[in-house]
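First the structure, in the form of structure tokens, and then the observations on it.
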Protein chains: 2
Amino acid sequence: MISNSPAILGPVTTTDVRDCSIARTLEVVGEKWSLLAVRELMLGSDRFEEIVRRTGAPRDILTTRLRKLEAHGLVEREPYQDRPVRHRYRLTALGWSLAPVLTMLRDWGDTHLVGPEGPPVTLRHTCGELLRPRIHCAACGEAVTSRDLEVVTDGTSDRG
Amino acid sequence: MISNSPAILGPVTTTDVRDCSIARTLEVVGEKWSLLAVRELMLGSDRFEEIVRRTGAPRDILTTRLRKLEAHGLVEREPYQDRPVRHRYRLTALGWSLAPVLTMLRDWGDTHLVGPEGPPVTLRHTCGELLRPRIHCAACGEAVTSRDLEVVTDGTSDRG
DNA sequence: CCTGTCAGTAGGAAAATCCAACTTAGTGAG
DNA sequence: CTCACTAAGTTGGATTTTCCTACTGACAGG
């Protein structure tokens, strides 16, 4: 094996870790409560108290999550009064761009984690039907399954 | 406000927490390293050591994650030798059904978290183009944006 | 004056994660 | 035979996060 190099070839390269966009994304929104806060903002909550209530997140944790989302440009925090200064939260376009991620997480739960009573929340498409999301290829328009995909790495080093 | 009920209407229902499929899904795969383990399995790693190497997860944590994924039926663990007994891991169909979630997480990172060198990993669709995933409505076939969706809750209690 | 609201902070307990070392039953090299 | 190495963990303890409860400040309503 090349990667577990013996002493002659130098120190073992401890990072065979894949540099991948999934990992990068999870660095931003992968901590507990982050995606649920984003969900709440998408569903219309814009005040701290409401997000606390609807997610169940500890207040201090939610504070740090919202600050992190703000730092990454997914959320804007704007004062809506002073004395005392209060803020509301709003998703930016970048924040809204997470919608497909949440849609797929929701769909997975809808499909595999519900009882006979059905999904607690559903989304209705403008076509009138409840949304069953499918991934299509933007280039050819066809529906995509994992069998239609081939992994392409640039071959160098640890990326993959 | 109805939800913050005064004493007359009974004790404050501490759980205004939304029962939603996103939260349920995150209960299963939302902990650190879970989705990265699934990613590795999708990319072809099937041995414990390899998943450790490629994700960078602590071995003990990865063990508990794989056990949890197995308990939920996303992963199968099968012995491939005894003396000493060794196992390999494989995604079940249920595990593979997470592919759209990972696809969207990857796409978000590809779109927003890459430098000029581009994404570290890309997926090629059978049509020949690199995959740019879009969500379509299974019912009408149209591409979906968040503006085309209406939230439907059953109205009762805390679900939403 | 008393209570309640909102958006946090503070302090300390509890839980999760991380890390390095160890185990077990082998295989291959010298 | 001995040494080094492998795979799939397990163990103990340090570190880091998360959680929980209570508190703050500045106001509004009764």
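The values are calculated or read from the model by the stated rules, or taken from the named source; none is laboratory data. Note that the structure is a prediction, hence the values are computed from the model and not measured. Every residue, glycine as well, gets a Cβ built from its backbone with ideal geometry; the counts of neighbours run over all protein chains shown. SASA here: full protein model, heavy atoms, side chains in, ligands and nucleic acids out. Shrake-Rupley method; radii C 1.70, N 1.55, O 1.52, S 1.80 Å.
Okay, here's what the table says:
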{"quantity": "Hey, A:Leu66 within 13 Å of DNA strand D (Cβ to nearest atom), open to solvent by less than 60 Å² (accessible area, probe 1.4 Å) and either in contact (Cβ under 8 Å) with a residue 60 or more places away in the chain or under 17 Å from the mean Cα position of the chain (by Cα) (or both) or not", "calculated": "yes"}
{"quantity": "Restricting the range B:80-114 to residues that are touching a residue at least 12 places away in the same chain (Cβ under 8 Å) and part of a loop (DSSP other than H, G, I, E, B), the residue that is nearest to the other protein chains (Cβ to nearest Cβ)", "calculated": "B:Leu98"}
{"quantity": "Yes/no for B:His112 being at pLDDT 95 or above, open to solvent by 50 Å² or more (accessible area, probe 1.4 Å) and of a type outside the set (S, T, N, Q)", "calculated": "yes"}
{"quantity": "Count of the range B:32-62 residues which are open to solvent by 40 Å² or more (accessible area, probe 1.4 Å), under 18 Å from the mean Cα position of the chain (by Cα) and within 11 Å of DNA strand C (Cβ to nearest atom)", "calculated": "3"}
{"quantity": "Among residues of the range B:115-133, those that are closer than 22 Å to A:Leu26 by Cβ, facing chain A (nearest Cβ under 7 Å) and out of contact with any Gly (no Cβ under 8 Å at 6 or more places or on another chain), counted", "calculated": "5"}
{"quantity": "Of residues in the range B:69-79 being within 15 Å of DNA strand C (Cβ to nearest atom) and open to solvent by 60 Å² or more (accessible area, probe 1.4 Å), the one farthest from the other protein chains (Cβ to nearest Cβ)", "calculated": "B:Pro79"}
{"quantity": "Residue list for the range A:35-53, filter: touching a strand residue (DSSP E or B) at 6+ places or on another chain (Cβ under 7 Å) and among the charged types (D, E, K, R)", "calculated": "A:Asp46, A:Arg47"}
